[in-house]
Amino acid sequence: MLRRGLALVLLVAGLSGCTAAKETAAPAPQGSVRPSPTGLAAGALGLAGGSYRFKVTASEGSYAGVIDPGANVLDASVSVRSGGASLKIDTVEVRGNAYTRITGLPLLGFDGNTWYRVDPQRVTKPGALGLSAIKDPTEVQALMAAAHDVTRDGQAYRGTVDMTRVVAWGPVNVGRVMQLGAAARAIPFEATVDGGGRLTSVRVRIPDNTVEATYSDFGVPVSVREPAGAEPLPDHLYGMLGL
């Protein structure tokens, strides 16, 4: 059970933007193609300007929540499943103070009732658990910046993404990019924007695991409270969670 639990943690790490496995360099990008049009890149960058709801789904599970970059608050959950087991990690951030709660890990105390306080001084990996310095929990800004050969039809876009330029997208991290080889430089994607040019959906067709993201509820007020009575996050979980 413990081994299965650790495997689930690794899946969680991927979906929520953790990138613990960076020992091997990804393939260097090779000559290219036309960069993403300003409208699409700006649509992703525009998410940093106000609150919104997001959801990323892949074969391993999902990552969903709400964020208000201006107020510096985040409330999100990542859920994964593997071999009949499941794991859920909730994350709350309120003005730089971060907390996490774990359900499904086969260790004493991880029953989903206890909130743990994350020490920001010990978080060494940008994006871990969605705690992004640029307030982009799904890391879609980097994804769209790596888009090429893009065509537009009204509010819909198509093109390819050079995944060797992306630290992580959903469950795809450096290790997965290495497995994809040359194909990683031209992964097909589709995206849509709303009437205001804000990004509303992205579908990245990774071989054997299409990853989809949606963005909605723009500007809706987000209320997030710091959990009362949170305990310090145990030392060994910093590494396990890819923090």
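A few notes on this one:
- Extreme residue, farthest from residue 99 (Cα to Cα), among residues of the stretch 124-167 that are of a type in the set (S, T, N, Q) and modelled with pLDDT under 85: 124
- Some residue of the stretch 114-130 being small (Gly, Ala, Ser) and open to solvent by 50 Å² or more (accessible area, probe 1.4 Å): no
- In this entry, residue 211 passes the filter for residues that are within 19 Å of residue 80 (Cβ to Cβ), open to solvent by less than 40 Å² (accessible area, probe 1.4 Å) and in contact with a Ser or Thr (Cβ under 9 Å, 6 or more places away or on another chain).
- Criterion (under 26 Å from residue 194 (Cβ atoms) and modelled with pLDDT under 90) met by exactly one of 104, 170: 170
- Among the residues of the stretch 190-203, the ones that are open to solvent by less than 60 Å² (accessible area, probe 1.4 Å) and in contact with a Ser or Thr (Cβ under 7 Å, 6 or more places away or on another chain) come to 6 in all.
- Test set (1) part of a loop (DSSP other than H, G, I, E, B); (2) hydrophobic (A, V, I, L, M, F, W, C); (3) modelled with pLDDT of 50 or more - residue 40 fails condition number: (1)
- Residue in the stretch 136-149 that is of a type in the set (A, V, I, L, M), in a strand (DSSP E or B) and either under 21 Å from residue 47 (Cα atoms) or under 16 Å from the mean Cα position of the chain (by Cα) (or both) present: yes
- Count - residues of the stretch 150-195 that are in a loop (DSSP other than H, G, I, E, B), closer than 26 Å to residue 217 by Cβ and in contact (Cβ under 8 Å) with a residue 40 or more places away in the chain: 5
- In a residue-by-residue description of the stretch 74-96, the property of being in contact (Cβ under 8 Å) with a residue 24 or more places away in the chain, among the charged types (D, E, K, R), in contact with a strand residue (DSSP E or B) (Cβ under 8 Å, 6 or more places away or on another chain) and part of a loop (DSSP other than H, G, I, E, B) applies to at least one position.
- For first residues located in the stretch 44-65 and farther than 19 Å from residue 84 by Cα and in a helix (DSSP H, G or I), partners that are open to solvent by less than 30 Å² (accessible area, probe 1.4 Å) and at pLDDT 95 or above and lie 6+ apart or on another chain with Cβ distances below 8 Å form the pairs 47/215.
- Considering the stretch 160-189, and only residues there that are under 17 Å from the mean Cα position of the chain (by Cα) and basic (Lys, Arg), the residue that is most open to solvent (accessible area, probe 1.4 Å) turns out to be 165.
The values are calculated or read from the model by the stated rules, or taken from the named source; none is laboratory data. As the structure is a prediction and not an experimental result, all values here were calculated from the model. We place every Cβ from the backbone using ideal geometry, glycine too, and count neighbours over all the protein chains shown. Ligands, DNA and RNA are stripped out before the accessible areas are found, and what is left, the full protein with its side chains, is counted by its heavy atoms. Shrake-Rupley method; radii C 1.70, N 1.55, O 1.52, S 1.80 Å.
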